[in-house]
1. Looking only at the range 28-43, which residues are in a helix (DSSP H, G or I) and either touching a residue at least 12 places away in the same chain (Cβ under 8 Å) or of a type in the set (Gly, Ala, Ser) (or both)?
2. Return the total of residues in the range 15-46 being within 23 Å of ASP78 (Cα to Cα), small (Gly, Ala, Ser) and surrounded by fewer than 13 Cβ atoms within 10 Å (Cβ to Cβ).
Amino acid sequence: MAMERGGRSAKLGNTFERLWAIQQALYLLNGRLQSILWEPLGEDEVGIDLWVRDLSGRRTGYQLKRENASKEYWSVADLR
C-alpha cells in the first residue's frame, strides 16, 4: 500500500527517525554504545540515516525510511 507523499506521512517518518536517533544517543550517554553518526556526509551517507558503533567496535548502518525511493518495498539487493 503506497503512503501519501509529503504532509502527514513525511512528518511521521521524520518523527520516527528523530526518536530513533534520540534513543541511540541515550544509549551512547548510558555507555551502551561507542559512537553514533546521524545524517553522515560523503560515501557514508548513501542509503544510511544513522551509523551506530557498539562497544565491540562493530559499526551498523540504519536506514529509517519505510519506502525505497519510488518503490513501495525493499528487496534484499536494495538492503546491501
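Quick note: the coordinates plus some simple rules give every number you see, no bench work behind them. Given the structure is predicted, the values throughout are model-derived calculations rather than measurements. Glycine gets a Cβ as well: all are built from the backbone with ideal geometry, and neighbour counts include every protein chain shown.
1. GLY42 - this is the single residue of the range 28-43 that is in a helix (DSSP H, G or I) and either touching a residue at least 12 places away in the same chain (Cβ under 8 Å) or of a type in the set (Gly, Ala, Ser) (or both).
2. Qualifying residue count for the region: 1.
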